[in-house]
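Working notes, beginning with the structure itself.
The values are calculated or read from the model by the stated rules, or taken from the named source; none is laboratory data. Everything quoted here is computed from the prediction, not taken from an experiment. All Cβ positions, glycine included, derive from the backbone under ideal geometry; neighbour counts span all protein chains shown. Protein only, heavy atoms only, side chains kept; ligands, DNA and RNA dropped before computing areas. Shrake-Rupley method; radii C 1.70, N 1.55, O 1.52, S 1.80 Å.
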Amino acid sequence: CSSDLLPVEDMAQDLLLLASDTENYEGGYTSLYNRQSISHIRGHKELEEAIYGITNSYLRELKYEVNPQKCNIMTWANVMRLGGHQRSSIRPHSQIAGEFFIKCDEKSVPIVFENPTNPLRMHDPLVMRPEDYTPFTAPTMTIQPKPNMLMLWPSWVSHMVPKINGESSVPRVSIAFTVDFLPPGV
């Protein structure tokens with residue numbers, strides 16, 4: 001999904017300024033570690049509105065009963081430079097996880113999703129050739145980020161970002177988020 005209405009250039013400038021003199025892990029900065037609010041950046045309100053609308057529709061399509069008045073959206077900034085990476089993780093205490101890519105290029109490192117059935121597989125990897133994998137049988141799924149791209153996935157799906165090796169000179173700037181809709185009556 002992409003949203004062409006968001007001021008991505010302004011957002012990139014604001015987030016790069018926010019992270020300009022801070023590195024809180026090797027090769028990167030995340031506002032999650034120091035709980036720094038990013039609600040002041042240009043376009044943040046519009047991004048949250050887009051996230052709310054898309055995730056509300058998505059969950060209703062899956063037949064989840066959601067209470068639109070009780071929704072918690074948590075956002076944080078990520079700026080990755082040379083050496084930056086993200087270990088494999090999930091995003092607990094939410095239904096939906098996602099990321100909005102603001103600045104990246106065709107040489108930026110991808111986001112890699114791990115197949116949740118990997119620990120349960122017996123001989124599949126020994127029998128299947130990688131060229132025969134489908135999205136349902138591959139051990140991982142790799143997606144190349146593009147500027148202005150918004151991605152959603154179930155928050156229990158493990159994902160990671162490989163170490164940036166220097167092929168891209170553009171910092172990988174994004175806003176990650178979680179969405180938690182409470183059920184009706186809560």
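All of P139, P135 fail the test of being open to solvent by 40 Å² or more (accessible area, probe 1.4 Å) and in contact with a helix residue (DSSP H, G or I) (Cβ under 9 Å, 6 or more places away or on another chain), apart from P139. Please determine, by comparing only the residues of region 156-181 that are at pLDDT below 80 and open to solvent by 40 Å² or more (accessible area, probe 1.4 Å), which one is farthest from L32 (Cα to Cα). Ranking the qualifying residues of region 156-181, first place goes to E167. For region 68-78, the condition of being out of contact with any helix residue (DSSP H, G or I) (no Cβ under 7 Å at 6 or more places or on another chain), open to solvent by 60 Å² or more (accessible area, probe 1.4 Å) and in a loop (DSSP other than H, G, I, E, B) holds for at least one residue. Considering region 79-91, and only residues there that are part of a loop (DSSP other than H, G, I, E, B) and among the hydrophobic types (A, V, I, L, M, F, W, C), the residue that is least open to solvent (accessible area, probe 1.4 Å) turns out to be I90.
Criterion first (closer than 21 Å to M149 by Cβ and in contact with a strand residue (DSSP E or B) (Cβ under 8 Å, 6 or more places away or on another chain)) does N67 satisfy it? No, not satisfied. Listed conditions (1) free of Cβ contacts under 8 Å to residues at least 24 places away in the same chain; (2) among the β-branched types (V, I, T); (3) under 29 Å from E49 (Cβ atoms) are all met by T134, apart from (3). Looking at E99, E61, just one residue is of a type in the set (D, E) and more than 22 Å from N34 (Cβ to Cβ), and that residue is E61. Restricting the search to region 36-51, which residues are assigned to a helix (DSSP H, G or I) and open to solvent by 70 Å² or more (accessible area, probe 1.4 Å)? Answer for region 36-51, where residues must be assigned to a helix (DSSP H, G or I) and open to solvent by 70 Å² or more (accessible area, probe 1.4 Å): K45, E46, E49. Within region 92-123, the set of residues being open to solvent by 20 Å² or more (accessible area, probe 1.4 Å) and charged (D, E, K, R) comprises K103, D105, E106, K107, E114, R121.
With respect to E65, is the statement that it is among the acidic types (D, E) and either open to solvent by 50 Å² or more (accessible area, probe 1.4 Å) or more than 14 Å from the chain's Cα centre (by Cα) (or both) true?
Taking the combined requirement at face value, the residue satisfies it.
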